[in-house]
Structure formats: C-alpha cells, structure tokens
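Each reported figure results from applying straightforward, stated rules to the coordinates on display, with no laboratory input. Computed from a predicted structure; not experimentally measured. With ideal geometry, Cβ positions are generated from the backbone for all residues, glycine too; neighbour counts draw on all protein chains shown.
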Amino acid sequence: MPQASSLPAVKISPRGAARLKNGHVWVYRSDIVSADGIPPGSLVTITDHRGKVLGTALYSSSSQIAIRMISHETVADLPALLRQRVADAIAYRETLIRDTEAYRIIFSEADFLPGLIVDCYGEILLLQILTQAMDADPVRQTILSELTDRLHPASIVERVDPRVRELETLPPRASGLVQGEKTTATFTMNNVQFRYDALEGQKTGAFLDQRENYAAAAQYAHGEALDVFCYQGGFALHLAPRCAHVTGVDSSRPALEVADQNAALNRRDNQPEIEWIEANAFDLLKDYASSNRRYDAIVLDPPAFAKTKRDLDAALRGYKELNLRALKMLRPGGILVTCSCSYHVSQSSFLEMLASAALDAHRTLRLIAVCGQAKDHPILLNVPETAYLKCVIASVT
Ligand code: SAH
C-alpha cells in the first residue's frame, strides 16, 4: 500500500483511474481533476477523486498526456529509481540481444522510463528526450552517469526533435554531442555491416526495430529482389547474399549514398552490385507494374502513413495501392515482405488490407510470418501504444 508522500498531488477522474487500473500508464489532461500550481516536469503523487493514492508519475504541464506513471509505489528517491530502471533495461537486453552491436537499450514506457529513448550503435549511445520531466537537468545527469558507468560508451549524442520540444513547451535545443567526441562508427548487425553517423539520417540513424525482420526476410527471399523505401539499405543488404540481383528504391539521395557505402562494405566476390534508384516509390511502382517488370521478392517498408487516427482511411488506401502493385509484379512463388510502422493501423486492419489487395490482384497469399518490432523495443501488453510495427512475410501464388 503506497504511503502518503511529500510530493505534489494530482487528482484524477474515475475514468482516468479506471485506465490505470486496466494497466495503462497514461492519464490524459481531460481526466485531470486538479493539478493547480504544479511546475512542469514534476514528480507527482496520483490520487483518485476520493484521495486514494494510486502511485507516482511524471507530470507534463502542456502535453495531452499529462501523466505518465513511473511507479505504483510512492517514490522517495527519484535518482535511485532512475538508476535502477536504467540498470534493469540494460540487463533485459543482455538476455535478449544476439548478433548485433546496434539495438535499443531504453524504450520509454516499455522500460518504465517514460519519455526516454536510448539506442546503442557500437560505442556510441544515442539519446532522445521526449518529456519535460526527462529534460530536467538532475534527471539528465542521473541517466547519463548511469549509462556511462554501466556501458562505458565512447560518446553520447542527443538527437532533438524540435516538434516534441515545442509540444512540451521546452526551450529549443540543438542535436549534438553531450559527452565524448566520436560521432561516426561502423556497426555489425546479423553479420551485415553498416556505417553510422550519429549526427545524420532519420530516426536515431537506423531502423533498429526491423533487425529481426531483416533476418527473417533474408531466409525466404530469392531471385530478383526489389527493396522499396530502402533508406540506407537495411533489407537490401540482408537480401543481397541470397538473391541474384537486388534493387533498392528511396526518394532520399543522402540515404541512398549511405546505402551505397554500406553495400561496398559488405560486397563479396561474385556478388552483383546492388542497384540504388532515387525515385518516388508510388510513381516507380506504377511504371514498373505497367511495363510488366517481374520480381521474386519485394519489400515494402514505407514511412508511417497514419500519424493520427484521422489519417487511418487514407493510410489504408495508400498501403493497399502499394501492396496491390507489388503483388501484381511478383512471380508465382515470390515473396512479399510488407510493413507498416503506423501504430494507428492495427495488425488486423493491416492483414485485412492485404487480403483485399490479394483479392483485387487475383493472387493467393500464404502467410509465412507475421512479425512485429525487434524484442529490444518491448511491447507492454496493457499499453497498446508500445506496439507499432507490423511486418508480414508471405508467399504469393
Ligand atoms: N526499410 C528501411 C526504412 C524505411 S523508412 C530500413 O529498414 O532501414 C522509410 C523510407 O521511405 C525513408 O528512407 C524515406 O526517405 C523513404 N520515402 C518516404 N517517402 C517516399 C516516397 N514517396 N518514395 C520513396 N521513398 C520514400
């Protein structure tokens, strides 16, 4: 039973309390009954409308997600709790991670450190801070010192998303080194080598959540392969040793330049060069489909089409258009690897979209694997927002 604490108290509505009781960790602003005068980013005690203590949380004065629970207990010593959580997250990865120097060490709510993301790229750690509470200086210092003591990185780089800071009404801050000097590295994942530049690229540099799906796709792909939305070549590089020819397509020239450097790092004798094409994927697929191009494996890994719930219908139409064109281009026995990283597109609606595309394309799909994000991006079963990536691998006849 939590005890009374000296922390400021936030009272929440019965609906907010029911949400917590069901295992969720967020309370929306509309479910706050009173939070008068509480400074941004405070550690607060949460009570129900009768005053019963429900646990301890981090408070945001501006986000719609006003409360992110950090413990069911009363927290007397936040730095000690943070240090323990960082240590637990690292220990959890030690039980899960094989065959990679790059992986996510801390995934926000899923590691009970809401608002904090830390990725490891060999000797470089990449930090993302998403909330007022995690941005507070003492919190930053605690996290940085625990990461340093346990992992001894050569450097730590912070990646700032200006939009997130604006939403949290935090002062602007530049991305850059917070510790050490190293910003570039080469890392190995599933025996494939990648160049890494901590100050460039999308996300924190690579799409680490696809790590297990790269290996799965490589198991089944063969013949002529097309990696659409290839970025720096994640899927293409994994498929190359298994396929007769691989083409990667992306609209970002900087991404393709790194992809080409990655290909050079991994190319073995007798292996044909991967071809990189800078193009709008929608236009290219349309052209290729109408000129009767055929492939034995196609990967579709577009950016999130549904950023909000409102985009859902348009997103599903976008996914269907892409998948329909890909299905038409696959030879019998071909492999489709199709992904969505939109949380708002559920696994079942993604599969429904795919079934409908298969009908329209007059093709039959046999599911080989229905996968999600790599295990270093844990999913909390009672917090659906922690599950966002879908990757379906199917054989097409
Ligand atoms: N498969 C990649 C990640 C893809 S992320 C990997 O595993 O690393 C989505 C990619 O789509 C980004 O590289 C982005 O540049 C690209 N992109 C976005 N819109 C595009 C479009 N219309 N046509 C082609 N590429 C696009």
Rounded to two decimals, the Rg over Rh value of segment 43-164 from Cα coordinates and the Kirkwood Rh reads 0.99
Charged-residue dipole, Cβ positions (Lys, Arg, Asp, Glu), segment 156-264 about Cα centre, Debye nearest 20: 140
Hey, rough spin-label estimate for ALA355 and ALA264, points 7 angstrom out along Cα→Cβ, what's it come to in nanometres? 4.8
Dipole magnitude of the chain, debye to nearest 20 (Cβ charges: Lys/Arg +1, Asp/Glu -1, about Cα centre): 1140
In segment 336-397, if every C-alpha pair distance is counted and binned at 5 Å from zero, what percent goes to each bin? 4, 18, 26, 23, 14, 8, 5, 1
Per-residue counts of other Cβ atoms within 10 Å, averaged by peptide: what ranking do you get for 42-50, 176-184, highest first? 42-50, 176-184
log10 of Debye I(q)/I(0), alpha-carbon scatterers only, for segment 113-193 at 0.23, 0.27 Å⁻¹: -1.12, -1.36
With label points built 7 Å along Cα→Cβ from the Cα atoms of ARG163 and GLN271, find their separation and express it in nm. 3.5
Tilt of helix 312-329 relative to the longest C-alpha principal axis of the chain, in degrees (0 to 90, nearest 10)? 30
Ratio for segment 235-277, C-alpha Rg to 2.2 N^0.38 Å, reads 1.06
Within 10 Å of each candidate Cβ there may be at most 11 other Cβ atoms; applying that plus a DSSP loop requirement, which trypsin sites (Lys or Arg not before Pro) in segment 91-129 survive? ARG98
How far is it, in nm, from the label point at ASP137 to the one at ASN280 when both lie 7 Å from their Cα along the line to the Cβ? 4.9
To the nearest 20 debye, what is the magnitude of the charge dipole of segment 85-231 about its Cα centre, counting +1 on the Cβ of each Lys and Arg and -1 on the Cβ of each Asp and Glu? 80
Where does the chain land at 222 nm, in deg cm²/dmol rounded to the nearest 500, when only DSSP H runs of n ≥ 4 count, each adding -39500 (n - 2.57), divided by all residues? -9500 deg cm²/dmol
Of LYS307/LYS328; LYS320/LYS390; LYS307/LYS375; LYS286/LYS309; LYS11/LYS307, which pairs sit farther than 20 Å apart, going by alpha carbon to alpha carbon? LYS307/LYS328; LYS307/LYS375; LYS286/LYS309; LYS11/LYS307
At a threshold of 8 angstrom on Cα-Cα distance, excluding pairs fewer than six apart, so keeping six or more, what relative contact order does the chain reach in percent? 11
Where does segment 296-387 land on Rg(C-alpha)/(2.2 N^0.38 Å)? 1.11
May I ask you to compute the full-extension gain from VAL370 to GLU200, defined as 0.36 nm times their residue separation minus their alpha-carbon distance, rounded to one decimal in nm? 58.1 nm
Straight distance only, please: which aspartates and glutamates reach the Cα of LYS182 with their own Cα at less than 17 Å, same-chain residues fewer than 8 apart left out? GLU101, ASP119, GLU123, GLU158, ASP197, GLU200
I need the semi-axes of the equivalent ellipsoid of the chain: take the C-alpha gyration tensor, multiply each eigenvalue by 5, square-root it, list largest first in whole angstrom. 41, 25, 17
Which of the peptides 238-245, 353-360 is most tightly packed, and how do the rest follow, going by the mean number of other Cβ atoms within 10 Å of each residue? 238-245, 353-360
